[in-house]
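Colleague: The structure that follows is given in the form of structure tokens.
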Amino acid sequence: MGFPLERAPDESLVLDIQSALWNAGMVRAAGSVDILIAGYAIVNDVTVLAADHDFGYIARVTDLQFEYVAPTV
């Protein structure tokens, strides 16, 4: 049993996500790895669960489904 992602995002989607962040004034809101993960989530129609607010910024400017999960101590 592998990771259930069937498709990879094309380069244009990842660049569109980055451009959308920049156009919204969030140039440093998310790193390249977070943007790539968001691209995978979008094309596979899955929700990202993370304790990383960067995905919340991406969700503001894209169709990313994101739920914040508070870290446990």
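Colleague: What residue among 29, 64, 49 has its Cα farthest toward the positive end of the dipole of the chain, where the charges are +1 on Lys, Arg and -1 on Asp, Glu, each on the Cβ?
Modeller: Highest projection toward the positive end goes to 29.
Colleague: Among 7, 28, 60, what's the order by accessible area (1.4 angstrom probe), most exposed first?
Modeller: Working: 7 135, 28 225, 60 170 Å².
Greatest to least solvent exposure: 28, 60, 7.
Colleague: What would the Debye equation give as log₁₀ I(q)/I(0) for the chain at q = 0.13, 0.15 Å⁻¹, counting only Cα atoms as equal point scatterers?
Modeller: -0.36, -0.47
Colleague: For the chain, what does the helix formula give at 222 nm: sum of -39500 (n - 2.57) over DSSP H segments with n ≥ 4, over the residue count, nearest 500 deg cm²/dmol? Before the final figure, lay out the partial values.
Modeller: Values: 3 runs with 33 residues, N = 73.
It comes out at -13500 deg cm²/dmol, rounded to the nearest 500.
Colleague: Enter the accessible area per residue of the chain (Å², integer; probe 1.4 Å; all protein chains in place). Could the numbers behind the result be given before it?
Modeller: Details: 5120 Å² over 73 residues.
The answer is 70 Å² per residue.
Colleague: Under a Cβ-only charge scheme (Lys and Arg +1, Asp and Glu -1), can you give me the dipole magnitude of the chain about the Cα centre, in debye to the nearest 20? Display every interim value, and only then the final one.
Modeller: Numbers: 3 positive and 10 negative charges, 39 e Å.
Once rounded to the nearest 20, the dipole reads 180 debye.
Colleague: At R0 = 35 Å, how high is the FRET efficiency between residue 27 and residue 73 if r is their beta carbon distance? Nearest 0.05 is fine. Present the calculation step by step, with values, prior to reporting the outcome.
Modeller: Working: r = 32 Å, r/R0 = 0.91.
Once the sixth-power term is evaluated, E becomes 0.65.
Colleague: Next question. Mind ranking 62, 72 by accessible surface for me, highest first, 1.4 Å probe?
Modeller: Numbers: 62 35, 72 130 Å².
Descending order: 72, 62.
Colleague: Describe numerically, in nm with one decimal, the distance between label points set 7 Å from Cα along Cα→Cβ at residue 15 and at residue 44.
Modeller: Roughly 2.4 nm, to one decimal.
Colleague: So what's the gap between the Cα centers of region 5-32 and region 45-70, to the nearest angstrom?
Modeller: 13 Å
The values are calculated or read from the model by the stated rules, or taken from the named source; none is laboratory data. A quick note: this is a predicted structure, and the numbers were derived from the prediction, not measured. In this analysis, Cβ positions are derived from the backbone assuming ideal geometry, glycine residues included, and neighbour counts consider all displayed protein chains. Heavy atoms of the whole protein, side chains included, go into the accessibility calculation; ligands, DNA and RNA do not. Shrake-Rupley method; radii C 1.70, N 1.55, O 1.52, S 1.80 Å.
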